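I have placed the structure first, in the form of structure tokens, so that the comments after it can refer back to it.
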Amino acid sequence: MPELPEVETVAKGLAQVWDGRRFVSVETRRAGLRLPFPRDFAKRLTGRTVEKVGRRAKYLVVRLDGGLVMLGHLGMSGRMTIGSLRNAPPGPHDHVEWVTDQGISVTLTDPRRFGLMTLCDASELASHPLLAGIGPEPLDDAFDAGVLAEALAGKSGPIKTVLLDQKVVAGLGNIYVCESLFRSGISPLRAAGGLSRAEVGRLLPEIKAVLREAIAAGGSTLRDHARPDGELGYFQHSFQVYGREGESCPGCPGAPECGGISRITQAGRSTFYCAKRQG
């Protein structure tokens, strides 16, 4: 599933062709994805001007004139692809197409149909069922060590799984939590509420740094993620632990002192870490 850097990359790409532009045509080719499309979805969008494309957690947030908001999630396999008007029939998994007044087409392709697209009023956005209760944005200036420490306080679950809880921090996923914990030298097995203020102070800047580096790299392409211009992300080439089970651990002396990168399962997700460095 796309995490914060991948969704941010998609939002930035869409903003280049959507911000300030009007939808002259919107076409849906099925009744819905994971959820049905709202009634008159295409009709309500046609003729609207995009004011701003943004992101909240792992959701795309497209603000349009008249106070309408299009809220989207790419699910496991969704892609938004920018192109010119098509000369060939759409593919079997091309489910929605938006065309702007500049003749630019954006197509939502989702083979597994786990994504969603819905509409709401801007005044209802914060309380929308998909967004209500989501935690702070980790790249906001207001998200500091004090905020993170307060969010972790009293939580007995492992720090790895707690950070994946979208009610604690918005947008973090398996890849970037593994990388952040490794960089900060904190074991994924530690109780979240047991971290000291110094450890939280180490963890916070690593979360921000990993996310910023991943966004600059266009996210991580492991299976389905691609930028709207069709280019792949390349942060996967910078992984220090994720997906590297059995490989030597960056910065460690090697055997016998360090056994390399290990993989365990936590809450049904793979966790990659160095038992020596992350004590």
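The figures follow:
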| quantity | calculated |
| --- | --- |
| Packing-based exposure ordering (other Cβ within 10 Å, fewest first) of 261, 104 | 104, 261 |
| Karplus-derived HN-Hα couplings along segment 70-81 (A = 6.51, B = -1.76, C = 1.60, θ = phi - 60°), whole Hz, x at Gly and Pro | 9, 10, x, 9, 8, x, 8, 9, x, 9, 10, 10 |
| Close Lys-Lys pairs in the chain, where close means Cα under 23 Å and separation is 8 or more or interchain | 12 |
| Formal net charge of residues neighbouring residue 162 (Cβ-Cβ distance under 11 Å; K, R +1; D, E -1) | +3 |
| Kirkwood Rh, angstrom, segment 4-124 [1 / mean 1/r, Cα pairs] | 14.2 Å |
| Theoretical ellipticity at 222 nm over the chain - DSSP helices of four or more residues, -39500 (n - 2.57) apiece, nearest 500 | -7000 deg cm²/dmol |
| Simple spin-label estimate for residue 209 and residue 263 in nanometres, 7 Å along Cα-Cβ | 2.6 nm |
| Mean Cα-pair separation over length for the chain, i.e. relative contact order, pairs under 8 Å, 6 or more apart, % | 18 percent |
| Relative exposure of 182, 37, 272, judged by other C-beta atoms within 10 Å (fewest first) | 37, 272, 182 |
| Selection of trypsin sites (Lys or Arg not before Pro), segment 213-274, meeting DSSP coil and at most 14 other Cβ within 10 Å | 223 |
| Sequence of 73, 95 once ranked by neighbouring C-beta atoms within 10 Å, starting from the fewest | 73, 95 |
| Mean Cβ neighbour count within 10 Å, used as a protection proxy, ranking 199-212, 147-160, 119-132 highest first | 199-212, 147-160, 119-132 |
| Scaled radius of gyration (Cα, divided by 2.2 N^0.38 Å) that segment 145-274 gives | 1.07 |
| Cysteines without a disulfide-compatible neighbour (Cβ-Cβ under 4.7 Å), the chain | 120, 178 |
| Globularity index of the chain, i.e. its alpha-carbon radius of gyration over 2.2 N^0.38 Å | 1.09 |
| Net charge contributed by nearby residues that have their C-beta within less than 13 Å of residue 237 (K/R +1, D/E -1) | -1 |
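No value in this document is a laboratory result; all are computed from the given coordinates. Not measured: the values here are computed from a predicted model. All Cβ positions, glycine included, derive from the backbone under ideal geometry; neighbour counts span all protein chains shown.
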